[in-house]
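Student: Pasting a structure here, questions to come.
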Amino acid sequence: MTKFYAVAGWNGLAVMSSWEGAQQIQKYIKNASVTSFDTFEEAEHWAILIFSQRVPPEYDVVTELKLNRPVFRKHLRPNFL
């Protein structure tokens, strides 16, 4: 069974298709938490939830992710611009 690995921290988030990929991206996501899920949708939901709790509220909200494509806070627009 395929597992999906959600990674979320204060400066980024991702859903990865392998444990090795999750460990690799975890190096770049500060204060990262990693959890495995059976479906992409569950992993995506968890990563977005954790990230939204950690990122300052003035940044745009992430609403969707792509597999193996991390999103970093530095690429999000602040809401006040």
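Student: Return the residues of the range 31-48 that are surrounded by 13 or more Cβ atoms within 10 Å (Cβ to Cβ) and either farther than 14 Å from residue 6 by Cβ or not acidic (Asp, Glu) (or both); say none if nothing qualifies.
Tutor: Once the filter is applied, which keeps residues that are surrounded by 13 or more Cβ atoms within 10 Å (Cβ to Cβ) and either farther than 14 Å from residue 6 by Cβ or not acidic (Asp, Glu) (or both), the range 31-48 yields 32, 33, 34, 35, 36, 37, 40, 43, 45, 46, 47, 48.
Student: Could you figure out which of (1) free of Cβ contacts under 8 Å to residues at least 60 places away in the same chain; (2) loosely packed, with under 13 Cβ neighbours inside 10 Å isn't true of residue 9?
Tutor: So residue 9 meets the others, but not (2).
Student: Here's another thing I want to ask about it. Please specify each residue of the range 1-53 satisfying the condition of being touching an Asp or Glu at 6+ places or on another chain (Cβ under 8 Å), assigned to a strand (DSSP E or B) and either more than 28 Å from residue 78 (Cβ to Cβ) or not hydrophobic (A, V, I, L, M, F, W, C) (or both).
Tutor: 4
Student: Yes or no: residue 58 among the acidic types (Asp, Glu), out of contact with any helix residue (DSSP H, G or I) (no Cβ under 8 Å at 6 or more places or on another chain), modelled with pLDDT under 95 and open to solvent by 40 Å² or more (accessible area, probe 1.4 Å)?
Tutor: Yes, satisfied.
Student: Report every pair of residues separated by at least 6 positions or lying on different chains whose Cβ atoms are under 6 Å apart, first residue within the range 56-67 and closer than 19 Å to residue 16 by Cβ, second open to solvent by less than 50 Å² (accessible area, probe 1.4 Å) and not acidic (Asp, Glu).
Tutor: 62/48; 62/71; 65/15; 67/15
The values are calculated or read from the model by the stated rules, or taken from the named source; none is laboratory data. Because the structure is a prediction, the values reported are computed rather than measured. All Cβ positions, even for glycine, are placed from backbone atoms using ideal geometry, and neighbour counts span all protein chains on display. To get the accessible areas, we keep the full protein, side chains included, count just its heavy atoms, and leave off ligands, DNA and RNA. Shrake-Rupley method; radii C 1.70, N 1.55, O 1.52, S 1.80 Å.
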